[in-house]
Amino acid sequence: MAQINPFASLVMLISASIASSLLSGYETVAVLLLVLIVPFFFNVNILKVMWSMKVMLITALLIFLFSYFGKGSLLSSISESAKFLSVIGLSALYIKKSDLIDLATTMGSILSPLLGKRGRKASSAVMMTLALFPIIFSTATEMMNARKSRGGSFLYHPIKSITEYTVSMMRLLFQKVVIFQDALYSRSWTTGGERTKVVLGKRDWVLMILAFILLIGFVLWKKVF
C-alpha cells in the first residue's frame with residue numbers, strides 16, 4: 001500500500017492544528033486522549049515518544065501553571081495544556097513517520113513553477129525547521145540522562161532547576177545545530193539547489209481536499225454552535 005506523501009500529511013496536520021485551536025474544555029481533553037490512544041492501533045507507542053520529549057512536557061506544565069494562576073480556572077488550564085500536547089504529539093508522530101527529503105522535494109516541485117528559486121528556498125526552510133525537532137528531542141533526553149546520573153532532581157528548587165536545565169539545553173542545542181549546519185555545507189547543500197521532482201498522487205490530492213473541507217465545515221459548525 002502506497003504511503004501518503006509527506007506534503008499531504010503536513011497539510012492534514014496543519015488543518016488538525018487549526019481545528020484544535022478552536023476547541024475548548026472537555027473537547028481538548030478528548031482530542032488529546034485520541035492522539036494518545038489511536039497510534040497504538042498502528043504499532044506506534046506515542047506515550048514513549050512524548051516521554052522522550054521531557055522539555056515539551058515541562059513546557060506543558062508551565063502552560064498549565066501560568067494559565068491557572070492567570071485565569072484561576074482548572075478546566076481552562078487543563079484545556080490549554082491539552083491543546084499544546086495534542087499538537088506536539090501529532091508533530092512528533094509526523095516527524096517519526098515522514099521523510100523530510102520527500103517533503104522538501106514535493107514542496108519544491110509545487111512552489112518552483114510559481115516562485116522559482118524562492119520556492120526551493122521556502123521548501124528547504126520548512127525541511128530544516130522540521131529536521132530540528134529530532135535534534136531537540138535527543139538533546140532533551142541527553143540533558144535529562146546527564147542530570148539523573150548526577151543525582152539531580154526537579155523536586156528540589158524546581159524553578160532554579162528548570163531554569164538551569166533550559167539554559168544548559170539551549171547551549172548544547174546551539175552547538176548541535178552548528179554541527180548539523182556544517183555537515184550540510186560539507187556536502188555542498190544549498191537552500192536554492194535543484195531537487196528531484198515529486199508528483200502528488202490522486203490519493204494525496206483527495207486527502208488534502210477532504211482535510212480542507214472538514215476544516216471549513218468544523219469552523220462553520222463552531223461559529224454556529
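The values are calculated or read from the model by the stated rules, or taken from the named source; none is laboratory data. Keep in mind that what you see is a predicted model, and the values were worked out from it rather than measured. Heads up: the accessible areas ignore ligands, DNA and RNA and are worked out on the full protein's heavy atoms, side chains in. Shrake-Rupley method; radii C 1.70, N 1.55, O 1.52, S 1.80 Å.
In straight-distance terms, cross-link reach from LYS117 covers every one of the lysines whose alpha-carbon lies under 24 Å from its own, apart from those fewer than eight places away in the same chain; here that gives LYS197.
Could you tell me how many cubic angstrom of Cα convex hull volume segment 31-89 has per residue?
Numbers: hull volume 3.5 nm³, N = 59.
Convex hull of Cα atoms, per residue: 60 Å³.
Computed over protein heavy atoms with a 1.4 angstrom probe, the accessible surface ordering of VAL224, VAL177, largest first, is VAL224, VAL177. If a/c stays under 1.5 just call it rounded; otherwise compare a/b with b/c (prolate if a/b is bigger, oblate if not). Do that for segment 55-96, with a ≥ b ≥ c from the square roots of the Cα gyration tensor eigenvalues. Prolate. Straight-line reach from LYS222: which lysines have Cα under 29 Å away, leaving out those fewer than 8 places along the same chain? Filter leaves LYS71, LYS83.
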